[in-house]
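Below is one structure, written out as structure tokens, with a few remarks after it.
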Ligand SMILES: Cc1cc2nc3c(=O)[nH]c(=O)nc-3n(C[C@H](O)[C@H](O)[C@H](O)COP(=O)(O)O)c2cc1C
């Protein structure tokens with residue numbers, strides 16, 4: 001099975017996950033900027049396509065491009081990966097994951113979440129200001145869980161872990177053995 005992994009990453013976490021997935025699946029790996037103007041024939045050779053993007057306000061960055069393309073790729077195994085700051089398995093991560101796909105898209109795309117982290121040093125100014133303001137508002141929350149989250153995202157940290165790709169690899173490998 002030939003797999004393609006496409007990613008978009010602002011501060012490097014999504015790129016790292018995309019690389020890990022590509023290595024495990026022996027897949028081709030591209031930044032979305034390098035393939036978004038490719039025509040249909042470029043993608044025909046692939047049996048599975050993974051799109052990984054960083055989570056921005058509950059959505060996956062540049063997912064619109066992938067969703068439009070995916071309408072013509074229903075014969076392939078399709079995966080979307082959201083890489084965010086929320087803890088793996090947390091309510092926030094689950095909520096973000098549930099909102100990624102419409103019911104129709106769920107019939108031909110599988111969504112996964114992987115925790116990345118925060119890197120203020122690599123963020124653009126607009127992102128930095130938004131994240132700092134969000135962290136500040138969470139820290140004032142009445143809920144301890146949200147205050148903890150505010151404290152966590154108020155500074156840079158790296159929670160990426162190669163183990164988080166296991167469900168994705170498993171899902172893609174099912175197609176190989178089918
Ligand atoms: C403007 C903005 C909005 C964000 N929104 C979310 C969010 O809704 N949920 C989340 O888990 N992480 C959110 N994040 C955190 C990023 O998704 C996280 O830092 C991710 O690891 C970045 O990936 P990258 O290094 O590939 O750019 C947001 C970050 C920014 C800058």
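The values are calculated or read from the model by the stated rules, or taken from the named source; none is laboratory data. Computed from a predicted model, the values in this text were never measured in an experiment. Glycine gets a Cβ as well: all are built from the backbone with ideal geometry, and neighbour counts include every protein chain shown.
Any chance you could count how many residues in the range 44-91 are part of a helix (DSSP H, G or I), touching a strand residue (DSSP E or B) at 6+ places or on another chain (Cβ under 7 Å) and either without any contact (Cβ under 8 Å) to a residue 40 or more places away in the chain or surrounded by fewer than 18 Cβ atoms within 10 Å (Cβ to Cβ) (or both)?
So the first thing to find is which residues in the range 44-91 are part of a helix (DSSP H, G or I), and the list is 44, 63-70, 91.
Filter once more, so that each one left must be touching a strand residue (DSSP E or B) at 6+ places or on another chain (Cβ under 7 Å): 63, 66, 70.
If we keep only those that are either without any contact (Cβ under 8 Å) to a residue 40 or more places away in the chain or surrounded by fewer than 18 Cβ atoms within 10 Å (Cβ to Cβ) (or both) too, we end up with 63, 70.
Number of matching residues: 2.
Tell me the residue from 163, 147 that is exposed (fewer than 15 other Cβ atoms within 10 Å of the Cβ) and touching a helix residue (DSSP H, G or I) at 6+ places or on another chain (Cβ under 6 Å), please.
147
List the helices (runs of 4 or more DSSP H) that sit entirely inside the range 100-178 and contain at least 2 residues that are assigned by TED's automatic domain parsing to the domain that holds residue 60 and at pLDDT 95 or above. Reasoning before the result, please.
Details: elements: 125-139, 144-152, 166-177.
Of the helices (runs of 4 or more DSSP H) lying wholly inside the range 100-178, those with at least 2 residues that are assigned by TED's automatic domain parsing to the domain that holds residue 60 and at pLDDT 95 or above span 166-177.
I'm checking my understanding of the structure. Among residues of the range 1-10 that are surrounded by 20 or more Cβ atoms within 10 Å (Cβ to Cβ) and over 12 Å from the mean Cα position of the chain (by Cα), which one is nearest to the ligand (Cβ to nearest atom)? Give the steps one after another, and end with the answer.
Step one: of the range 1-10, the residues surrounded by 20 or more Cβ atoms within 10 Å (Cβ to Cβ) are 3-9.
This time we only want the ones that are over 12 Å from the mean Cα position of the chain (by Cα), so: 3-4.
Numbers: 3: 20, 4: 18 Å.
Residue satisfying both the conditions and the ranking: 4.
Suppose the filter is closer than 22 Å to residue 173 by Cα, away from the ligand (no atom under 16 Å from the Cβ), more than 17 Å from the chain's Cα centre (by Cα) and free of Cβ contacts under 8 Å to residues at least 60 places away in the same chain; does residue 26 pass it? Working first, answer last.
Working: closer than 22 Å to residue 173 by Cα: yes; away from the ligand (no atom under 16 Å from the Cβ): yes; more than 17 Å from the chain's Cα centre (by Cα): yes; free of Cβ contacts under 8 Å to residues at least 60 places away in the same chain: yes.
So residue 26 passes the test.
Here is a yes/no grid of residues against (1) over 21 Å from the mean Cα position of the chain (by Cα); (2) within 8 Å of the ligand (Cβ to nearest atom):
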position	(1), (2)
125	yes, no
130	no, yes
138	yes, no
143	yes, no
156	no, no
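Of the numbered conditions (1) in contact (Cβ under 8 Å) with a residue 60 or more places away in the chain; (2) within 16 Å of the ligand (Cβ to nearest atom); (3) out of contact with any helix residue (DSSP H, G or I) (no Cβ under 6 Å at 6 or more places or on another chain), residue 20 satisfies every one except a single condition; which is it?
The single condition residue 20 does not satisfy is (3).
Would you please name the residue that is nearest to the ligand (Cβ to nearest atom), looking only at residues in the range 32-43 that are exposed (fewer than 14 other Cβ atoms within 10 Å of the Cβ) and within 30 Å of residue 130 (Cβ to Cβ)?
33
Are any residues in the range 87-113 under 12 Å from the mean Cα position of the chain (by Cα) and within 9 Å of the ligand (Cβ to nearest atom), and if so, which ones?
Selection gives 93, 96, 113.
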